[in-house]
């Protein structure tokens, strides 16, 4: 996460005014309502805010992180549209030797059963 | 004139054979659609075939290294394995109507979409590469087949193909019991009951012959050697004008189901005497995408009471006395005809066996269920008899594999057009046709010899 500078001007890239015809500018800058400021949670990606509160728990869970790596690994094929356990079993059946521990994690329901992208695409 | 002899009561027993259905892999009852895309089935296909090809190429060209497409180095000879994609400019694309460039496109023949400028691309998970050279002819190949290619990358970034390696025929299980007597299997397809081109008398003649109601004792003896009957698709044709999405009027409802009712009556006549398999086809009341699911048993209230009646999937795989049969109702070969060319249907069939895939163009141009865990069209065990229904003409040939496999290829013609049914002898896998016609013949007088 980027550190929020105390100087607002440093945050936005300043553009040079074009020489020649200048249009009359309004006194107020056209506002960006998502104005970052110190301590606000707007700098969080909106995708991580689910059910009204920031989805911080999943993000920091180690097991979920491991499963995310499993989802993204191209060797086991596409992850979208399949349950993680079904994908693990397919990898097992095709002889790809997926990590054994993942089966235990999935069956014990310590992690989400759907892949990371499920519902987000 | 001698007195007519009264025939003594003689029961002719029909021969029997053991039947085992192997359609489990084509069943989608237990599949759940979770929004998956076709990338899953392509991954399963590529991975299964690649593992197989990696083990086979070591014998083909042992000294050439194998690499992935992303690992190609310019000028270095290597072997790559991937899925073929054929770029065809005449292939109908759903985006064409949104294309801003409205160039004058010549009217396309709906039969075949080939063009001299078609080119092939090889693809795996890491990337894709355009294929060049003259060894690989785009007119022979289609999108979806998995092959191994020996060649090298050129400065232009293409892959110059020096040699091609296909998986070849799958291993074949030798049938345990070699029967010493003649037993026959009858194949019919495209009966199209209810269509304007079908002749009900022809079909009735066929049913009567199979059930032994036709001819003298010798002919009945021949009919008694028929142990199995297979209907390879398009058994029924409902008047299409009625099925336009609107509610059916009550007088139309009976018309739609008339054809199936007639089929049921005739099927029950056959099922009463011999085991019969009925497969769905492109015109039958079944789902569109392959693998087509068995026709609902509710359509056959008369036939389903017999345990000899089997409603099967398309494609259909079964074993009869240890002889393995595999066949489709024709959609796979018809699609190959649109996107590639060959001498005849048998050559297309040979290619599908050598690529070890029943329908390589599925799901690209042939409707297919999006399987996630497997590709059910991969041929793991080579059949002894490979049949395809609803073709234009009859054809048959024996195909030999590099490891002694022998397959009888059968192209079954449409019965409504040709009046031909195909008969196969289980003992020696020889084929002949049964021809049914209903033409008026000149009257003969009694004095003729």
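Apart from one condition, residue A:83 fits all of (1) under 14 Å from residue B:43 (Cα atoms); (2) touching a residue at least 24 places away in the same chain (Cβ under 8 Å); the exception is (1). Can you spot a residue in the range B:386-405 that is in the same structural domain as residue B:185 (by the TED database), under 30 Å from residue A:88 (Cβ atoms) and part of a loop (DSSP other than H, G, I, E, B)? For the range B:386-405, residues in the same structural domain as residue B:185 (by the TED database), under 30 Å from residue A:88 (Cβ atoms) and part of a loop (DSSP other than H, G, I, E, B): absent. All conditions in (1) in the same structural domain as residue B:147 (by the TED database); (2) surrounded by 19 or more Cβ atoms within 10 Å (Cβ to Cβ) hold for residue B:73, with the sole exception of (2). Within the range B:356-407, the set of residues being closer than 18 Å to residue B:83 by Cα and touching a strand residue (DSSP E or B) at 6+ places or on another chain (Cβ under 7 Å) comprises B:356, B:357, B:358, B:359, B:362, B:366, B:368, B:377, B:378, B:379. The residue pairs whose first member lies in the range B:125-137 and is within 14 Å of chain A (Cβ to nearest Cβ), whose second member is at pLDDT 90 or above, and whose beta carbons are closer than 7 Å, counting only pairs six or more residues apart or on different chains, are B:126/B:68; B:126/B:69; B:126/B:70; B:127/B:69; B:127/B:70.
Can you confirm whether residue B:206 is surrounded by 20 or more Cβ atoms within 10 Å (Cβ to Cβ) and in a helix (DSSP H, G or I)? Taking the combined requirement at face value, the residue satisfies it. In the range B:372-385, which residues are under 15 Å from residue B:46 (Cβ atoms) and in a strand (DSSP E or B)? If the condition is that a residue be under 15 Å from residue B:46 (Cβ atoms) and in a strand (DSSP E or B), then B:378 is the only one that fits. State whether one or more residues within the range B:85-101 are within 17 Å of residue B:165 (Cβ to Cβ) and in contact with a strand residue (DSSP E or B) (Cβ under 6 Å, 6 or more places away or on another chain). No, the range B:85-101 contains no residue that is within 17 Å of residue B:165 (Cβ to Cβ) and in contact with a strand residue (DSSP E or B) (Cβ under 6 Å, 6 or more places away or on another chain).
For beta carbons closer than 8 Å, sequence separation of 6+ or different chains, a first residue in the range B:424-441 that is at pLDDT below 90 and a second that is surrounded by fewer than 16 Cβ atoms within 10 Å (Cβ to Cβ) and not in a loop (DSSP other than H, G, I, E, B), the qualifying pairs are B:438/B:201.
For residue B:81, the stated conditions hold: it is touching a helix residue (DSSP H, G or I) at 6+ places or on another chain (Cβ under 7 Å), at pLDDT 80 or above, away from chain A (no Cβ under 14 Å) and not in a helix (DSSP H, G or I). For residue B:42, the conditions (1) surrounded by fewer than 11 Cβ atoms within 10 Å (Cβ to Cβ); (2) at pLDDT 95 or above all hold with the exception of (1). Annotation note: of B:198, B:257, B:282, the sole residue that is surrounded by fewer than 19 Cβ atoms within 10 Å (Cβ to Cβ), assigned by the TED database to the domain that holds residue B:328, farther than 28 Å from residue B:16 by Cα and modelled with pLDDT under 90 is B:257. Report whether or not residue B:14 is outside any helix (DSSP H, G or I), under 30 Å from residue B:296 (Cβ atoms) and either in contact (Cβ under 8 Å) with a residue 60 or more places away in the chain or more than 14 Å from chain A (Cβ to nearest Cβ) (or both). When the stated conditions are applied, residue B:14 passes them. Within the range B:354-371, identify whether any single residue is over 30 Å from residue A:88 (Cα atoms) and assigned to a loop (DSSP other than H, G, I, E, B), and answer yes or no. No, every residue in the range B:354-371 fails to be over 30 Å from residue A:88 (Cα atoms) and assigned to a loop (DSSP other than H, G, I, E, B).
Residue-by-condition table, conditions (1) over 16 Å from the mean Cα position of the chain (by Cα); (2) over 21 Å from residue B:23 (Cβ atoms); (3) not assigned by the TED database to the domain that holds residue B:195:
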{"position": "B:378", "(1), (2), (3)": "no, no, no"}
{"position": "B:414", "(1), (2), (3)": "no, yes, no"}
{"position": "B:419", "(1), (2), (3)": "yes, yes, no"}
{"position": "B:427", "(1), (2), (3)": "yes, yes, no"}
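Annotation note: Cβ proximity below 7 Å between a residue of the range B:346-375 that is more than 14 Å from every other protein chain (Cβ to nearest Cβ) and farther than 21 Å from residue B:120 by Cα and a residue that is buried (at least 22 other Cβ atoms within 10 Å of the Cβ) and modelled with pLDDT under 95 (sequence gap 6+ or interchain) occurs for B:367/B:290; B:368/B:290; B:368/B:362.
Hey, does the range B:258-266 have a residue that's under 26 Å from the mean Cα position of the chain (by Cα) and under 30 Å from residue B:429 (Cβ atoms)? Yes: one or more hits. When restricted to residues that are in a helix (DSSP H, G or I), under 26 Å from residue B:288 (Cα atoms), more than 10 Å from every other protein chain (Cβ to nearest Cβ) and without any contact (Cβ under 8 Å) to a residue 60 or more places away in the chain, the range B:19-69 contains 1.
The values are calculated or read from the model by the stated rules, or taken from the named source; none is laboratory data. Please read all numbers here as calculations on a predicted model, not as lab measurements. Note: ideal-geometry Cβ built from the backbone for every residue, glycine included; neighbour counts use all protein chains shown.
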